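Everything below concerns the one structure shown next.
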Amino acid sequence: MSNTCNDCGCSQGELHETFCTKERCPFCLGQLVSCGCISKVLSLSPAEQQALDEYIDDEKEPLLSVNERWVKALNQKGRVAF
Ligand SMILES: [Zn+2]
Ligand SMILES: [Zn+2]
């Protein structure tokens, strides 16, 4: 058994790196990177949703600002530590 996340390497009780695949969603407690909460919580527009589904390039708009809004929403809700 390991006390560090085997994806991002954070220690027990610490927050994961942003968008670590092991992070749990504080809204549904599912896997954060694959749950659909981002669409509901941020009320994404069809264009933003499409960009997200295709995961075009998160270094560029519109995903860049979508991710920023998502991180803000997660922090407000309270992110789930490892
Ligand atoms: Zn992690
Ligand atoms: Zn969720």
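In terms of overall dimensions, segment 37-77 has a Cα radius of gyration and Dmax of 9.6, 27 angstrom. For the chain, GluC sites (Glu not before Pro) are listed when DSSP marks them as loop and at most 16 other Cβ atoms sit within 10 Å of their Cβ; the list is GLU14, GLU17, GLU59.
Every number here is computed from the coordinates shown, using simple stated rules; none is lab data. A quick note: this is a predicted structure, and the numbers were derived from the prediction, not measured. So basically every Cβ, Gly included, is an ideal-geometry build from the backbone, and we count neighbours across all protein chains shown.
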